[in-house]
Structures are given as C-alpha cells and as structure tokens.
Amino acid sequence: MIEMMTANYAAAHGARLARADVVAVYPITPQTSISEKCAEMVEKGEMDAKFMMMESEHSAMSALIGASYVGARTFTATSSHGLALMHEMLMWAVGARRPIVMPVAARTIGGPWNIWGEHQDVITERDVGWLQIFCENNQEVLDTVLMAYRVAEDPEVMLPVMVIEDGFILSHTVDSVDVPDQEAVDRYLPPFRPEHPVSIERPMRHGGVVMPDWWTEFRHRIYLSQEVARTKLLEAEEAFQKEFGRSYGGMMELYRCDDADAVLVVAGSAAGTAKEVADKLREEGKKVGVAKLRVFRPFPAQEVHHLGKKVRTVGVFDRSYTFGDGGAMFNEVRSALHGQRNNMKNYIGGLGGRDVTVKNIEWIFEDLLKIASSGKVDRTVEWVALKDGSGRW
Amino acid sequence: MLEVRFHGRGGQGAVVASEILAKAAVREGKYASAFPFFGVERRGAPVMAFCRIDNRPIRIHAGIYDPDHVVVLDPALMGMIDVTEGQKEDGTLLINTSHTREELNIPNGRRTVLVDATAIALRRGLGSATAPIVNTAILGAFARACPEVGIDSILESIKDSVPAKREQNLAAAQDAYKQLEGL
C-alpha cells in the first residue's frame, strides 16, 4: 500500500515489518522521530517489541548487544553526537558478531552546533566494521532495513549494518512509500535464529580476552565476513526484487554511464538530484552519468575498477571531509582506480545542511566535461559553492 | 513538475499544509514530496514549506528556488520578506488576507488570489484570534485558485491528516472553496 511518510517513519516501519524484538534508543535530532514512531507502534500494539528508553546511545548499543546474544532481532537509530558516543560499542558489536540494524539520519558533529545533514558522522565510523549502505530516497530506506537484516543475520556474515539516510533531506521529507505486506516480508525475512544463543539453560561466556596468538585470526574472520557480505548483499537484493519488484543497483548503481564522457560518483539523496541533472544534460547532447555509491562498507572496489575502465573522467562528491588528501569516498575511488589512467577530481559540498542544488551539480558536470576534453585536472579537491567571492558558483 | 512554496509562521500549519497538498496529489495518481525549510522551528517564527508534484517519481532532493505557486498564510510576512522571490511569472500568488490587492501593494501582472482564511478558520473554531490555524482553509482556496489539485482529494487528504477537529477543518476548506466560486 502506498503511504506518504518521511524516511524516519519508513525506517520505523522497516523495523516493525522485520519484527524487531528489541528497540533500545536515545533521542537525537534528526533521528528522533524514528524512535518516537517505534514507541508509538509498540504502545498501540502494532509492533511486538520490547521498547527501551536508555540513558545514552552508548547504553542503547550495549543493550542491543546483550539482547542479540539471547537471540533477539535488535533495532536502534541515531545521528551525529549519538553515533560518536556509541563509537566504542559500535566496535564491540562487530567483535561480538551481532547483526544489529541501525538507521542513521546522517548529520554534522559539532562544534559549533549544527543539527543539519551531511555524512561526517557516518564517514567517521567507516573503519569500525559495520556494513554501511547509503539510501537515495524514503522507499530505499524501508527496503534497505529489510535487506540489511537478511544480510546481517546470514551465518556467514553476522555483522551489524548501518542504513544511512540524509538528515532532514530524507528524514523529514514526506514522499510516497510502498509499505509491503507483513506476509511478504515474512516470506523474505525468516526469523533470527543465531547458532549460539545465550540462555539461562545454556550459560556461556562471550567477549573474554583474545590473546596475541589468536587476535589476528579473529580480525581476519571479520575481514572474511565483510568480503562474503558483497555476495550476500547482491543475493539479498535479488531475492528482494523477486518478492517486492524493487531493486537499487547492487553495490553501486550505474545510471547512464555506458557511453559517458564523465561520471559523478555520489552517495545518498544527492544521487537522485544528480540523475535528474544527468537526464537534462543528456538532452543537450552532453554525455554524463551518475554512479550512485550505495554500499560504502564493504567498498565496491571491483565495481569502481570496471567503471574506470569504461569512463575516463571520474568525479567524486563527498558530503564530509577527512583531512587527508581529499574526502573519504574520493580516496576509496582513487585507490580502486590505481594504475588506471583516469582523470579524477573530488568535490566537497552539501555540508551542515547546505543545499546541493541542481545548479551545483550542473556546474560539477560541466567542470568534469572540461576535464574530459582537455585531459587536464586543474585541482584535486574543490570545495563547492564557497562564499569566497570568486563568483565561480 | 509543479513546485509550490508556503510562507507562514510556526504554529499556523504551513508544514502540514504542504504535506496535505502532496498527499492530495498522490491520491490523484501523481507523485509528490513535501518538506519544510529545515530551520530551528519556534512558534511564531517565519517558516517555509515546499511541495513538488509530478507525473513521475520525484528524484530531486534539493530546495525549491523558483516555485510555480506561492501560498502566504500570514500576510504580515509580506512586509518582511519578498514572498514572490524567484516565483515563475505564470504562477499564482495565494494570500490569506482581509485586505485588498491595492492595500497589500501587489504589483500588476502577477495572478493573485486573496482569501480571508483567518476569518473562515475562526468561524470554524480553528485556533484562536491571536493564533488561528488557517492551513485547511487556505488549501480549500488553493483547490479553486490552482487547477493542478482537485478539492475532493484535498478534502480526503485533510480527513487523513488533521489530528483534531476533523469536521471543522473540512468545513473550513469547503468554505474557502465556495467563497472563491467563479474565480
């Protein structure tokens, strides 16, 4: 049934349809209405879950790790400082191999205070071992929550997943969402049955010391599971397509890239705007395409490698900055294209709630086309739409 | 694609109005999205809300800078900001006011529709004299002033969306729609 709702409500409905058993939360803008909607659905009896209002995000994640050991399907949501406060337990959830699913309404981290959207909070957590999936629209948020449980709980994966929605831009925008039937979701997503559940009858110890002689093997296993997750993500999406008739292009969706002179790699809601702009420029005979970076962890290095063979000029839009040499997404793309002769340029923008406009993306494509025809990259990193009086924007 | 911008103050229902309009368009088989200007909302502060309507899924996730139609819930805002900023020339400006076009000093050339949504809302018991809730009345007027979304789907959408005083809200929308008959 088509309903009009925000991405936050779509995420909450995802948790309901997935039959999450335990929801432990602490409110933070712009995630709060995910938690509120879950609380409301539990209160009304529409969602059969234990709802726990915690004293912090750190506690929320800790509670879910415990609940997951017992065999509960677990859900929470956060943003920004909440995600940062969780940092320690994010890593613990990975080491404990707990298949927790958590939407993040991506936002800045202060100071100074800024409650608006960008990718800095989730990009900062890129190395903790969670799978990270960026969503373009509200429908994709609901659908990805369902796919995320299927992948996370796969015995060969057993890793937590972040489902990333752009703060405010998706979290507070009302759009059409096809809410699947419970029966269809039940067919798609079997109940969570961990191989080694903890119970009073079967007491066991988890998370004790791993000595130096095994730690490397322990970490290597997590690496292997991340690698297996690549295939599992594609399988989960294929099965989703069969059951619900929707899919999102796998690890990285290629939009009009086949004969493109230049492509822009972009994650999240801005990918939709970029597709719209690509259509417009194509009508003018300008051959541009969009590579929507959907899965950031594990990183689709092979897919990027193939894209680089097809298209010479590759721009990457980062909605955060990592104070190295370019943004995090740019560096991953550059690494995947190592040894190939691609023209590459990084665009930093959409920070702290600044709009990524149609005009911004038009300018980026025109800039990339200039690079494509001249073969010269004027600079590696460009911060877009700066108020520097240069008049370029 | 049709783009609509709402100007109001926190508490008047501009954000809900944009959502009701989007839901009404979807009822008619179209696609729509609605979003507020993401400020730090406070009661009484100027707010903006936006709605996009199209015959295919909405992919743009950027702000609206050159709207077709502009809806003003509080005419006092017109002294503070240029509500027609960026508006397309052939779009309609719909204003909640008890004043005339001359009194509001609206330049010629812009198709402008005036409706006293505050009086209608108060007659229907929506909000108070100092804080009337005018969003449903102005949406009734919108259905008459702008051909893109019909009154029936707006009424159905109001029925689904308002948390309280459902009958009064529906009546307010119908009052405004009737008042502008022959437009």
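Just checking, which of A:185, A:151 is surrounded by fewer than 24 Cβ atoms within 10 Å (Cβ to Cβ) and part of a helix (DSSP H, G or I)? Just a single option satisfies the conditions, and that option is A:185.
Across segment B:74-119, what is the total count of residues that are free of Cβ contacts under 8 Å to residues at least 12 places away in the same chain and more than 17 Å from the chain's Cα centre (by Cα)?
Going residue by residue through segment B:74-119, those that are free of Cβ contacts under 8 Å to residues at least 12 places away in the same chain are B:76, B:79, B:82, B:85, B:102-103, B:105, B:107-108.
Going one step further and asking which of them are more than 17 Å from the chain's Cα centre (by Cα), we end up with B:79, B:102-103, B:105, B:107-108.
Count: 6.
Listed by position, the helices (runs of 4 or more DSSP H) contained in segment B:99-183 that have at least 1 residues being surrounded by 22 or more Cβ atoms within 10 Å (Cβ to Cβ) are B:117-123, B:135-145, B:151-161, B:166-179.
Report, by residue number, each residue of segment A:112-131 that is assigned to a loop (DSSP other than H, G, I, E, B) and surrounded by fewer than 19 Cβ atoms within 10 Å (Cβ to Cβ). Before the answer, list the steps.
To start, the set of residues in segment A:112-131 that are assigned to a loop (DSSP other than H, G, I, E, B) comprises A:112-119, A:125-130.
Matches in segment A:112-131: A:112, A:113, A:114, A:127.
Can you give me the number of residues within segment A:188-217 that are surrounded by 10 or more Cβ atoms within 10 Å (Cβ to Cβ) and touching a residue at least 12 places away in the same chain (Cβ under 8 Å)? Qualifying residue count for the region: 10. Within segment A:47-57, one or more residues are assigned to a helix (DSSP H, G or I), buried (at least 18 other Cβ atoms within 10 Å of the Cβ) and either within 21 Å of the chain's Cα centre (by Cα) or not aliphatic (A, V, I, L, M) (or both).
Picking from residues in segment A:155-182 that are in contact with an Asp or Glu (Cβ under 9 Å, 6 or more places away or on another chain) and more than 19 Å from residue A:77 (Cβ to Cβ), the one that is surrounded by the fewest Cβ atoms within 10 Å (Cβ to Cβ) is A:155. Listed by position, the strands (runs of 3 or more DSSP E) inside segment B:1-66 whose residues that are away from chain A (no Cβ under 12 Å) number at least 2 are B:2-9, B:46-54. Among the conditions (1) in contact (Cβ under 8 Å) with a residue 40 or more places away in the chain; (2) within 14 Å of chain B (Cβ to nearest Cβ); (3) more than 22 Å from residue A:135 (Cβ to Cβ), the only one that residue A:40 does not satisfy is (1).
In segment A:98-111 there is at least one residue matching the filter, namely being of a type in the set (Lys, Arg), under 19 Å from the mean Cα position of the chain (by Cα), buried (at least 19 other Cβ atoms within 10 Å of the Cβ) and more than 30 Å from residue A:351 (Cβ to Cβ).
Among the helices (runs of 4 or more DSSP H) contained in segment A:246-361, which hold 3 or more residues that are at pLDDT 95 or above and within 14 Å of another protein chain (Cβ to nearest Cβ)? Quick ask: steps written out before the conclusion?
Working: elements: A:270-283, A:301-310, A:328-336.
Answer list for segment A:246-361: A:270-283.
The values are calculated or read from the model by the stated rules, or taken from the named source; none is laboratory data. The model shown is predicted, which means the values in this text are computed figures rather than measured ones. Every residue, glycine among them, receives a Cβ derived from its backbone with ideal geometry; neighbour counts consider all protein chains shown.
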